[in-house]
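K.L.:
Handing you a structure now.
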Amino acid sequence: MPDKILLDPSFRRLEVIFTPEDLARVYAAGDVIWGRNAPLPETEYDKVRAETGVIVTGNWRHGDVARWPRLRAIMEVGGGFPDPHTLDYAYCFAHGIRVLSCAPAFGPAVAEMALGLALAAARQIAWTDRAFRTGEPNWSHTELNTEIGEPFTLYGKQVGFIGYGGLARSLRPLLAPFGCPIQVYDPWLTDTYLRCQELAPVSLETLMAASRLIFVLAVPSSSNKALIGRELLELIKPDAVFLLMSRAHVVDFDALTELLLAGRFRAGIDVYPEEPLAREHPIRGAQFAVLSSHRAGAQAEALHNVGRIIADDLEAVCAGLAPQAMQQAQPEFIRLRG
């Protein structure tokens, strides 16, 4: 008897992540249970545990994973792995249950936004637009406001990646036409591996002090909360741009706000400690920051990519094959993240 697929994606909505064609592939891959936008009630779990082979979920809310005897894969639709405090990864690893994240679906869209914010800050696009609309001097052949530093092109500028995971690997080819040398801080990768990728492994201090464009792309973990504190932020050069793209978890956001309000450097920011951000939060007054409301991956094509790669890997898992499209949890990563 084929395993059943528990399609329980809440908080995501089915019509947002699945095209009709991809949803049809999901239903063709196996016997689908539930398949609604609202979460499956806990009172229904006992009715489906014995036969469920795959759970597609917005977050792990299904209790003790050991109580799902035929489970072979957990596919999350949020963009990160389930919280280690709610899912027993050790049990999953020991019993061959694949834990899969849809994070790769968002890589291209977030990378594109990162490039856009970098250009907007470096070329002062946001500020000149604002000045033009309010009638402030901004004509290049008559007046140039250098209070926020000279505008600059990306060509040949030193780039720093904090984290070299999926987001960084999607961004790198977008920067290739600019010929930017790239240095990387990623304690989860060896220096040898990074050099083989033609990247320069450096300390975090070196990266912050020497980069003209600093991209924060690291996945949040217990070991990197507020990793980039005031001392590191103060190393950033006045003419550099700080791009916060992955999670605000990695940065001391209060210190970042203070330094931006003081005009110490420029920034492009897409993620915040609390979302939606309070209307009175001082970051809204940071003249030298280009602010985006966590929209880098919130885009129809990226969300449809979520449904596509889930359908791809459901077809594989239900056929007894290894999934290829989603990101698979590794013991070392979960240990560092937990």
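The values are calculated or read from the model by the stated rules, or taken from the named source; none is laboratory data. Computed from a predicted structure; not experimentally measured. Positions of Cβ are generated from backbone atoms using ideal geometry, with glycine treated the same way; all protein chains shown enter the neighbour counts.
K.L.:
Within the range 18-41, does at least one residue satisfy the condition of being over 26 Å from HIS304 (Cβ atoms) and at pLDDT 95 or above?
P.N.:
yes
K.L.:
Now a separate question. When you check LEU175 against the structure, is it under 23 Å from ALA296 (Cα atoms) and at pLDDT 95 or above, yes or no?
P.N.:
Judged against the criteria, LEU175 is a match.
K.L.:
Mind checking whether some residue in the range 48-58 is hydroxyl-bearing (Ser, Thr, Tyr) and crowded, with 17+ Cβ neighbours inside 10 Å?
P.N.:
Yes, the range 48-58 contains at least one residue that is hydroxyl-bearing (Ser, Thr, Tyr) and crowded, with 17+ Cβ neighbours inside 10 Å.
K.L.:
Right, next: Does GLU147 meet the test of being among the acidic types (Asp, Glu), outside any helix (DSSP H, G or I) and touching a residue at least 12 places away in the same chain (Cβ under 8 Å)?
P.N.:
Considered against the rule, which asks whether it is among the acidic types (Asp, Glu), outside any helix (DSSP H, G or I) and touching a residue at least 12 places away in the same chain (Cβ under 8 Å), GLU147 comes out as yes.
K.L.:
ILE269 - would you say it is of a type in the set (Val, Ile, Thr), under 30 Å from VAL54 (Cβ atoms) and touching a residue at least 24 places away in the same chain (Cβ under 8 Å)?
P.N.:
Spelling it out, it is not the case that ILE269 is of a type in the set (Val, Ile, Thr), under 30 Å from VAL54 (Cβ atoms) and touching a residue at least 24 places away in the same chain (Cβ under 8 Å).
K.L.:
While we're on this one: Pairs please, first residue from the range 52-63 and over 16 Å from GLY30 (Cα atoms) and of a type in the set (D, E, K, R), second anywhere and at pLDDT 95 or above and in a loop (DSSP other than H, G, I, E, B), Cβ atoms under 8 Å, 6+ apart in sequence or on different chains.
P.N.:
Going by the 8 Å Cβ cut-off, the qualifying pairs are ARG61/PRO39.
K.L.:
How about the range 188-221: which of its residues are of a type in the set (Val, Ile, Thr), surrounded by 17 or more Cβ atoms within 10 Å (Cβ to Cβ) and assigned to a loop (DSSP other than H, G, I, E, B)?
P.N.:
VAL202, VAL219, listed by residue number.
K.L.:
Restricting to the range 95-106, name every residue that is surrounded by fewer than 22 Cβ atoms within 10 Å (Cβ to Cβ) and assigned to a helix (DSSP H, G or I).
P.N.:
Scanning the range 95-106 gives a single hit, PRO104.
K.L.:
Condition test on GLU275, is it in the same structural domain as ILE182 (by TED's automatic domain parsing), acidic (Asp, Glu) and more than 23 Å from GLY297 (Cβ to Cβ)?
P.N.:
No: the conditions fail for GLU275.
K.L.:
Considering only the range 81-92, I want to know if a residue exists there that is in contact with a Pro (Cβ under 7 Å, 6 or more places away or on another chain) and either surrounded by 17 or more Cβ atoms within 10 Å (Cβ to Cβ) or under 22 Å from GLY307 (Cβ atoms) (or both).
P.N.:
No; the residues of the range 81-92 include none that is in contact with a Pro (Cβ under 7 Å, 6 or more places away or on another chain) and either surrounded by 17 or more Cβ atoms within 10 Å (Cβ to Cβ) or under 22 Å from GLY307 (Cβ atoms) (or both).
K.L.:
For PRO201, are the conditions met, namely being out of contact with any strand residue (DSSP E or B) (no Cβ under 7 Å at 6 or more places or on another chain) and in the same structural domain as GLY263 (by TED's automatic domain parsing)?
P.N.:
So PRO201 does not fit the description; no.
K.L.:
Going by the conditions given, is ARG284 outside the structural domain of PRO151 (by TED's automatic domain parsing) and among the basic types (Lys, Arg)?
P.N.:
Criteria not met by ARG284.
K.L.:
Hey, can you tell me all the residues within the range 234-270 that are among the aliphatic types (A, V, I, L, M) and surrounded by fewer than 21 Cβ atoms within 10 Å (Cβ to Cβ)?
P.N.:
Once the filter is applied, which keeps residues that are among the aliphatic types (A, V, I, L, M) and surrounded by fewer than 21 Cβ atoms within 10 Å (Cβ to Cβ), the range 234-270 yields LEU235, ALA255, LEU259, LEU261, ALA262.
K.L.:
Here's a follow-up. Kindly indicate the residue of the range 110-132 that is at pLDDT 95 or above and either small (Gly, Ala, Ser) or not in a helix (DSSP H, G or I) (or both) and also nearest to PRO82 (Cα to Cα) among those meeting that condition.
P.N.:
Among those residues, the one meeting the criterion is ALA111.
K.L.:
Checking ALA38 against (1) in a strand (DSSP E or B); (2) surrounded by fewer than 20 Cβ atoms within 10 Å (Cβ to Cβ); (3) aliphatic (A, V, I, L, M), which test does it fail?
P.N.:
(1)
K.L.:
If you don't mind, there's one more thing I want to ask. Return yes or no: is GLU275 outside any strand (DSSP E or B), acidic (Asp, Glu), over 23 Å from the mean Cα position of the chain (by Cα) and over 14 Å from PHE161 (Cα atoms)?
P.N.:
no
K.L.:
Please indicate, with yes or no, whether at least one residue in the range 292-312 is free of Cβ contacts under 8 Å to residues at least 40 places away in the same chain and in contact with a His (Cβ under 6 Å, 6 or more places away or on another chain).
P.N.:
So far as the range 292-312 goes, no, none of its residues is free of Cβ contacts under 8 Å to residues at least 40 places away in the same chain and in contact with a His (Cβ under 6 Å, 6 or more places away or on another chain).
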